[in-house]
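What follows is one structure encoded as structure tokens, with my remarks underneath.
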Amino acid sequence: MQHIPDERDLRNLLLTISYDGRQFHGWQIQQNAYTVQEAFQTALTKIIGEGFDLKGCSRTDTGVHANMYCISLKTTHPIPPERLKAALNRWLPLSVAVNDCREVGTDFHARYSCKSKEYIYKIWNSEVRSPFLEGYALHYRYPLDEKLLNDASQAYVGRHDFTSFCTLDNREQGDLTRTVKAFSVTREGDMVIMRVEADGFLYNMVRIMVGTLLRVAQGKFRPDQIPEIIESRSRSCAGPTAQACGLYLNKVNY
């Protein structure tokens, strides 16, 4: 359990980590499921005890990875940032690494101070699967025209109600409008990468966007049909939710 520290001598630290999501059920603490937050809190308790308050920049799903994930840590413990970074990298599982740790203002919040986030989705587009990418990219054996998909994806850009691209549960209530700042589909050999930046994301939003573009690739949706799907505000009109394995939280902007 977290304990909010005394306001006297309160420090706020920004930690930037990366993690392999295969063994985790996302970031946020859950009952009967191992999460990145649990692993992080366990390591942190060994180093500074229980007097801290921890906030993550985002909830991630089971099996989703992070090239960059940010945490704000409030504590009165005097440990210097570099020593904390080294100690955490000693106690954390090998699937999690702390890349940076620095002091920030006490009003900084890893989630609410965020201006935008960028996700990437990796698709291994080859007839033959890669044994080295199992759990790290979606294997899609059929042809993909990345230019066609890039053109179609531009309909996502802008401020829209993304109800059609959201799995509704108790975490998604109220306004489902988000601003997508950029979306691109590019190819590097057999690897197709979908990249999206937005001011915020709904539950499964990126994975449903990817699944919808794959329906375009299969000829089940027209390339110009995405605006209609957005306008419908109906989850049943969009494509399936793509597997978690190809999704990475890639960058967090403050």
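Side notes on the structure shown:
- Placing unit charges on the Cβ atoms only, positive for Lys and Arg and negative for Asp and Glu, gives region 12-77 a dipole magnitude near 80 debye about its Cα centre.
- Maximal additional length on extending the Lys251-Asp199 stretch stands at 17.5 nm, based on 0.36 nm per residue less the C-alpha distance.
- Within-12-Å neighbourhood charge of Val98 [Cβ basis; K, R +1; D, E -1]: +2
- Cross-link reach is defined here as a Cα-Cα straight distance under 26 Å, omitting same-chain residues fewer than 8 places apart; for Lys85 the lysines meeting it are Lys46, Lys55, Lys74, Lys115, Lys117, Lys251.
- Of the solvent-accessible surface of the chain, computed with a 1.4 Å probe and all protein chains present, 48% belongs to carbon and sulfur.
- Entry for Cα extents along the principal axes in Å (calculated from the structure that is shown) out of (1) 54, 48, 32; (2) 60, 42, 31; (3) 52, 42, 36: (2)
- Close amide H contacts of Ala66 (hydrogens built in the peptide plane, cut-off under 5 Å, sequence separation of 5 or more or a different chain): Tyr19, Gly21, Leu249.
The values are calculated or read from the model by the stated rules, or taken from the named source; none is laboratory data. It should be emphasised that the depicted structure is a prediction, and the values quoted were computed from it without experimental measurement. Ideal geometry is used to build each Cβ from the backbone, glycine not excepted, and the neighbour counts take in all protein chains shown. The area values use the complete protein model at the heavy-atom level, side chains included, leaving out ligands, DNA and RNA. Shrake-Rupley method; radii C 1.70, N 1.55, O 1.52, S 1.80 Å.
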